[in-house]
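A short reminder: the numbers here are calculations on the coordinates, not readings from a lab. Quantities reported herein were computed from a predicted structural model and do not represent experimental measurements. Cβ placement follows ideal geometry from the backbone for every residue including glycine, while neighbour counts extend to all protein chains displayed.
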Amino acid sequence: MTAILEVKDLQIAFGGVKAVDGLSFSAHEREIIAVIGPNGAGKTSAFNCITGFYKPTSGSVLLNGLDTTGKRPADIAAAGVSRTFQNLRLFPDLTVLDNVRAGMHLYGGQNWADAILHTPRFKRSEAMYTEEAHHWLDFVSFEGARGVPVRNLSYGQQKRVEIARALARKADLLLLDEPAAGLNYSEKQQLLALCRRIRDLGTAIVLIEHDMGLVMELSERIIVMNFGREIAVGTPAEVKANPAVIEAYLGKDDEGVQSNGDA
Amino acid sequence: MSENVDSTQAPRKIGPPLSRISRLFESKQLGWVALGGALLAPFVTATPYSLNVMTTAAIFVLLASGLNIVVGYCGLLDLGYIAFMAVGAYTAGILSKSFDLPLIFTIPAVLVMTILAGLIIGAPTLRLRSDYLAIVTLGFGEITRITANNLTITGGPSGIFGIPGLLTIGRFDVQQPAVLYYVTVLVVALFVLASARLGKSRLGRAWRFVREDEDAAEAMGIHTYKVKLLAYIFGAIWGGCGGVLFAAHLSAVSPQSFIFLQSALVLMAVVLGGMGNMRGVVIGALVISLLPELLRDLAAQRYLAFGLLLVIVMVFRPQGFWPARGYERDRGSDGADEAAVARGESR
């Protein structure tokens, strides 16, 4: 099975600070991978390198076998990756439907001349955009008005819209940056189910998350980062028992500290 | 994160406030009503003076609808927009005068020149945002005017005179004021419609995505530089065609017509009318171009009154007369749920 995402020895430095220092991992179809680590460990920097928002200092990123290192974010998105952001990055004044339509920009189906002349192709294309937007909003179980600006929605609803927008891209790889942040218990349970439904579409998911309960339950593989380096990798059980991980989260203690799995 | 917290506390609007009046404003027939009004206007008053004012106003509407693409849809603050009109007017004027062509045959050349101008201003400024972009476009506008003022081919400060008419077929001359007015209104109506349709398309949405959040748009696979360049190019085409009509209307082109104040007035029309909403922008353009004429009785004080009215409007309605409506029809063929919400709110 070829990897959808292959990250090799990724490094990025800001001045003297090495935010990501030699990260390597790969993601396959229908795989859920969690990247965890203390704040400032370089998780989001790694995401930004993969999606092209930062240019890596060295190392390479391969998407479906294609080298996308240092390309523009839009080209990398076209190569098959979609993402959400740590702090919501929706288009606040636009409607819920329009926000989801943003994910479908690459579908094409019409050009500016079609738009000016309102050709049948344009009408078909617009109908498709609307239908698909509703489909993805249904998929993330978005309940609420869809023709209103997203700024009017609650935080939890906005998070769902952002995931729907990322899904509408129909990418092979979905990067979720702290999807559970700010959600309550029942919303987290729904997120868990949603991630599994996304995986069942054949999509690989890489997520950054601080909620250990969610990470342990959801992910097949966990990559633990600290100071830009990968300090451990493995199944939830392996990572939980890894002394280096316990040290990174709880600090060194001579008497030995037991992980309670909810650092 | 504080913003996120705020958004949960903000009063939630569940549905769009669709009253009977707002539904009337959103109706598709409104454009026909406006066109009908413009076509009937000469039957109310058809003095040479009023036809002159109305033709100027129609051209101004075309300019505002072009700038709305750049500023309203795409959010690129352009303070030198009138330069595109200058490029169009000069290209048309010079060609038609030197080859004794009717103006209408210069349009292909005008398109090429204005697209070039759009690329020249667009390409180097793509990395710039807001205030920096405004300064560069301001400079571009002034460079264009000063160049026209100094070149021999553009006729220097006195410009070009005696430009042939738009078109003459046998004894029928489009150049008669009333005919020219009707031609102008029809051309402008087509451009306004095209601009409104572009706004509601894949490209128009891409412009709005770029305006709202460039990084998020990039992450969705939108090439922000291409999209911004297209906004410039479309804006330039609209401006250039405005220039051709301008040259036809005055049969003369001179640098004084392309001073910074003109760019500022077009921008004012867009902001006053409601950025991003074509209907609002048309109204804004009509107000900006017709109000000084309607205030002519005030003689020396008319620009004082004009300025005061603009300040008052901006203080009490900063979003413009008729801003872009952030709502659209929800699922359901007749938008029944929306209507229910609207009824519930009105009670």
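Listing B:Met54, B:Met220 from the residue with the fewest other Cβ atoms within 10 Å to the one with the most, what is the order?
Details: B:Met54 23, B:Met220 28.
Arranged by neighbour count, lowest to highest, B:Met54, B:Met220 become B:Met54, B:Met220.
Lysine pairs in chain B with alpha-carbon atoms under 28 Å apart, 8 or more places apart or on different chains: how many are there?
Details: B:Lys13/B:Lys28; B:Lys13/B:Lys200; B:Lys28/B:Lys200; B:Lys200/B:Lys226; B:Lys200/B:Lys228.
Going through chain B pair by pair, I get 5.
Please report, to two decimal places, log10 I(q)/I(0) for region A:92-170 at q = 0.13, 0.26 Å⁻¹ as given by the Debye formula with identical point scatterers on the Cα atoms and no solvent.
Debye curve over Cα of region A:92-170, log10 I(q)/I(0) at q = 0.13, 0.26 Å⁻¹: -0.39, -1.15.
Could I have the simple spin-label model distance between B:Leu40 and A:Asn39, label points 7 Å from Cα toward Cβ, reported in nm to one decimal?
Placing both labels 7 Å beyond Cα along the Cβ direction yields 6.6 nm.
Please name whichever of A:Leu183, A:Gly147, A:Thr119 sits farthest to the positive end of the charge dipole of chain A, dipole taken about the Cα centre and charges placed at Cβ: Lys and Arg +1, Asp and Glu -1.
Looking along the dipole axis, the top candidate is A:Thr119.
Can you tell me the length gained on complete extension of the stretch B:Gln301 to B:Val112, counting 0.36 nm per residue apart and subtracting the Cα distance? Don't jump to the answer; show the numbers that get you there.
Numbers: separation 189, 0.36 × 189 = 68.04 nm, distance 4.28 nm.
Extending this stretch completely gives an extra 63.8 nm.
I'd like to know how region B:144-267 sits against the 2.2 N^0.38 Å rule of thumb: what's its Cα Rg over that expected value?
It is 1.36.
Given R₀ = 22 Å, FRET efficiency for B:Phe99-B:Leu190 by Cβ-Cβ distance, to 0.05? Mind showing how you got there, number by number?
Details: r = 26 Å, r/R0 = 1.20.
Rounded to the nearest 0.05, the efficiency is 0.25.
Which of rounded, prolate or oblate describes region A:45-90 when judged by the alpha-carbon gyration tensor and an a/c cut-off of 1.5? It would help to have the intermediate numbers written out before the result.
Working: a/c = 2.19, a/b = 1.38, b/c = 1.59.
Taking the square roots of the gyration eigenvalues as a ≥ b ≥ c, region A:45-90 is oblate.
Give the average, rounded to an integer, of partner chain Cβ atoms located within 10 angstrom of each Cβ in A:97-104.
Values: counts 4, 6, 5, 0, 5, 12, 3, 4.
Across A:97-104, the average partner-chain Cβ count within 10 Å equals 5.
Measuring from a point 7 Å past the Cα of A:Glu29 along Cα-to-C-beta, which residues in region A:208-252 have an amide N at less than 20 Å?
Within reach of a label on A:Glu29, which here means backbone N under 20 Å from a point 7 Å along Cα→Cβ, region A:208-252 contributes A:220-221.
Between B:Leu310 and B:Asp173, what is 0.36 nm times their sequence separation minus the Cα-Cα distance? Round to one decimal in nm.
Numbers: separation 137, 0.36 × 137 = 49.32 nm, distance 3.91 nm.
Length gained between B:Leu310 and B:Asp173: 45.4 nm.
Which value at 222 nm does chain A reach when only helices count, each DSSP H run of 4 or more adding -39,500 (n - 2.57), with the total divided by all residues and rounded to the nearest 500 deg cm²/dmol? Before the final figure, lay out each step's value.
Details: 10 runs with 98 residues, N = 263.
Mean residue ellipticity at 222 nm (helix-derived): -11000 deg cm²/dmol.
Share of Cα-Cα pairs in chain B beyond 35 Å, in percent? Write out the running numbers ahead of the final one.
On the way: 15915 of 60031 pairs.
Tail of P(r) above 35 Å: 27 percent of Cα pairs.
Hey, what does the equivalent ellipsoid look like for region A:140-216, semi-axes from the Cα gyration tensor as sqrt of 5 times each eigenvalue, largest first, whole Å?
Details: eigenvalues 79, 53, 22 Å².
Taking √(5λ) for each Cα gyration eigenvalue gives 20, 16, 10 Å.
Fully extended, how many nm does the chain gain between B:Tyr132 and B:Ile259 (0.36 nm per residue separation, minus their Cα-Cα distance)? Provide the component values of the computation, followed by the final result.
On the way: separation 127, 0.36 × 127 = 45.72 nm, distance 2.02 nm.
Value of the extension gain: 43.7 nm.
Can you check how the C-alpha radius of gyration of the protein assembly as shown compares to 2.2 N^0.38 Å, as a plain ratio?
Numbers: Rg = 28.6 Å, N = 610, 2.2 N^0.38 = 25.2 Å.
Expressed relative to 2.2 N^0.38 Å, the Cα Rg reads 1.14.
Please work out the Cα convex hull volume for region B:28-74 and give it in Å³ per residue.
On the way: hull volume 3.0 nm³, N = 47.
Per-residue hull volume (Cα only) is 64 Å³.
Relative contact order for chain B using alpha-carbon pairs under 8 Å, separation at least 6, rounded to a whole percent? Spell out each step's value before the answer.
Values: 503 pairs, mean separation 102.5, N = 347.
About 30 percent, as a whole number.
Using a Förster radius of 45 Å, what is the FRET efficiency between B:Thr152 and A:Lys123 based on their Cβ-Cβ separation? Nearest 0.05, please.
On the way: r = 52 Å, r/R0 = 1.15.
About 0.30, to the nearest 0.05.
Classify region B:113-152 from the C-alpha gyration tensor, please: rounded if a/c falls under 1.5, else prolate or oblate depending on whether a/b exceeds b/c. Kindly include the intermediate steps, with their values, before the conclusion.
Working: a/c = 3.87, a/b = 1.59, b/c = 2.44.
Taking the square roots of the gyration eigenvalues as a ≥ b ≥ c, region B:113-152 is oblate.
How are the alpha carbon pair distances in chain A distributed across 5 Å bins from zero to the largest one, expressed in percent?
The calculated distribution, bin by bin, is 1, 6, 12, 16, 17, 16, 13, 9, 5, 3, 1, 1, 0, 0, 0, 0.
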